[in-house]
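Let me begin by presenting the structure, written as structure tokens, before commenting on it.
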Amino acid sequence: MRKIGILGGGQLGRMLLQAAVNYPVETFVMEKEEDCPAAHLCHHFVKGDFRDFQDVYNFGKGLDAITIEIESVNEDALEKLENEGVKIYPKPSTLRTIKNKIKQKEFYAKNEIPSPAFVVTKDLEELKSSEEFIPAVHKIALGGYDGRGVKIIRGKSDLEKGFDAPAVLEKLVVISKEIAQIIAINDKFEAAIYPPVEMVFDSNLNLLDYQISPADLPERILWKAEAIALKVARSLGSPGIFAVELFVDKQNEVYVNETAPRVHNSGHHTIEANFSSQFDMLWRIMLGYPLGNTDHILPAAIVNLLGAAGSSGPAQYDGLTEILQMDNVFVHLYGKKETRGGRKMGHATILSTDKSDLIHKAHRIKNAISIVGSKS
Ligand code: ADP
């Protein structure tokens, strides 16, 4: 039986392992926290730091393949393992391109992939001298996620709020819609693309509010988005699962925002809504089986279940019974012991042929559930 490891033990690892039980595979997870969401679902849990060279190398030595659920892993160790014959999904060279926003933006430019124009700023001083480029968005090169590495610079006074670290300053797009395309690439570089997902954001939290698949856009724009996303995934030169986030502007131009080289929040609905989920698909790729069918069974929406603002401590799920009573709603709790404001604690997927039903239920779910901690 193949031995496959996952670096990171959060919800993505957890959902990957839920799909792994259908296949002949021995699973390994490495994570610092022993009570992380994926720990009890794998065959072998290894306590360790996925940022540390030695920990990652020791973890990977005896494995056939490794995948990641987070970009901030030690890619030097992965590169050494790759040279010694361990298959890495995505390839460490691709991970290097993506995990640094400067390199990622340079990759789009080099491959003539439409993405907002940008300049590189090495520190706050350099940002302050880039006034002619605003309105723009300042994005830290390394370590930003869930909106924390992004600052909107609308006017001169916002320049102070930028990052005093290497970053890109990207032209502000007047966004009409944000969409995401999940793409699977196997070892033979065959591709399969999931129907597009439309993302609707909560402007306060800067975290995804709810999303709908398939996206409601004219076919011409969807084709453009699909072609661009496929070009991104193919140009990256690695098998794996890729989530390409795109903007559609008011002129119906499509731009790449960013790409994740792994299973992604924008593909969680594929568990119930598509014939082969993004998680199932990654096992097919890593185990050398045929790509699965990405078609949707029914249109879907996802609501992230977030920790209530201003509350932390051991999680309590108020209103869970109410959402479990709703038809065609599938609840996933990630098993995180502690909640805090805005933390992703779970998600709910809604299936329906009727878009207004999806939106209505998404709002009902958001209003019904409250995840609070006992220390509130
Ligand atoms: P993260 O990876 O932290 O989620 P993103 O790069 O996806 O960061 O940016 C977060 C959000 O900021 C996007 O979803 C979008 O709403 C907004 N944003 C990012 N880049 C731009 C841009 N160039 N123009 C306008 N809005 C942007």
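Key figures
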item	result
Distant alpha-carbon pairs in the chain (separation over 31 angstrom), percent	36 percent
Protein-only accessible surface order, largest first, of D164, D123, D249 at 1.4 Å	D164, D123, D249
Whole-number D in µm²/s for the stretch 275-321 (Stokes-Einstein; Kirkwood sum over Cα pairs; 4 °C, 1.567 mPa s)	90 µm²/s
Helical mean residue ellipticity (222 nm; -39500 (n - 2.57) per DSSP H run of 4+; nearest 500) of the chain	-7500 deg cm²/dmol
Computed Kirkwood radius, in angstrom, where 1/r is averaged over Cα pairs of the stretch 300-376	12.5 Å
List T349, T321, ordered by accessible area with a 1.4 Å probe, largest first	T321, T349
Lys, Arg +1 and Asp, Glu -1 on Cβ, resulting dipole of the chain about Cα centre, debye, nearest 20	180 debye
Semi-axis lengths (Å, descending) of the ellipsoid that matches the C-alpha gyration tensor of the stretch 224-376	30, 18, 18
Cα convex hull of the stretch 76-195 - mean projected area over all directions, nm²	9.4 nm²
Which of H363, I66, L78, positive extreme of dipole for the chain (C-beta unit charges)	L78
Accessible area per residue in Å² at 1.4 Å probe, computed on the chain	43 Å²
The stretch 153-286: mean projected area of Cα convex hull, nm²	9.7 nm²
The chain: antiparallel DSSP beta bridges as a percent of all, rounded to 5	80 percent
Estimated D of the stretch 1-82 in µm² per second, where Rh is the Kirkwood radius over Cα pairs and Stokes-Einstein applies at 25 °C, 0.890 mPa s	200 µm²/s
Convex hull of Cα atoms in the stretch 69-109, direction-averaged projection (nm²)	3.0 nm²
Fraction of accessible area attributable to carbon and sulfur, the chain (%, probe 1.4 Å)	49 percent
Summed residue charge, Cβ within 15 Å of E82's Cβ, Lys/Arg positive, Asp/Glu negative	-1
Sequence ranges 167-174, 154-161, ranked by mean other-Cβ count within 10 angstrom, highest first	167-174, 154-161
Solvent accessible area, Å² - E258, 1.4 Å probe, full protein context	50 Å²
Cβ-based charge dipole, the chain, positive-most Cα from I88, I323, Q278	I88
In Å, descending, principal axis extents of the Cα set of the stretch 133-198	49, 27, 20
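The values are calculated or read from the model by the stated rules, or taken from the named source; none is laboratory data. Note that the coordinates shown come from a computational prediction; the quantities given were computed from them, not determined experimentally. Neighbour counts are summed over all protein chains in view; Cβ atoms, including those assigned to glycine, are modelled from backbone coordinates with ideal geometry. Only protein heavy atoms, including side chains, enter the accessible area calculation; ligands, DNA and RNA are left aside. Shrake-Rupley method; radii C 1.70, N 1.55, O 1.52, S 1.80 Å.
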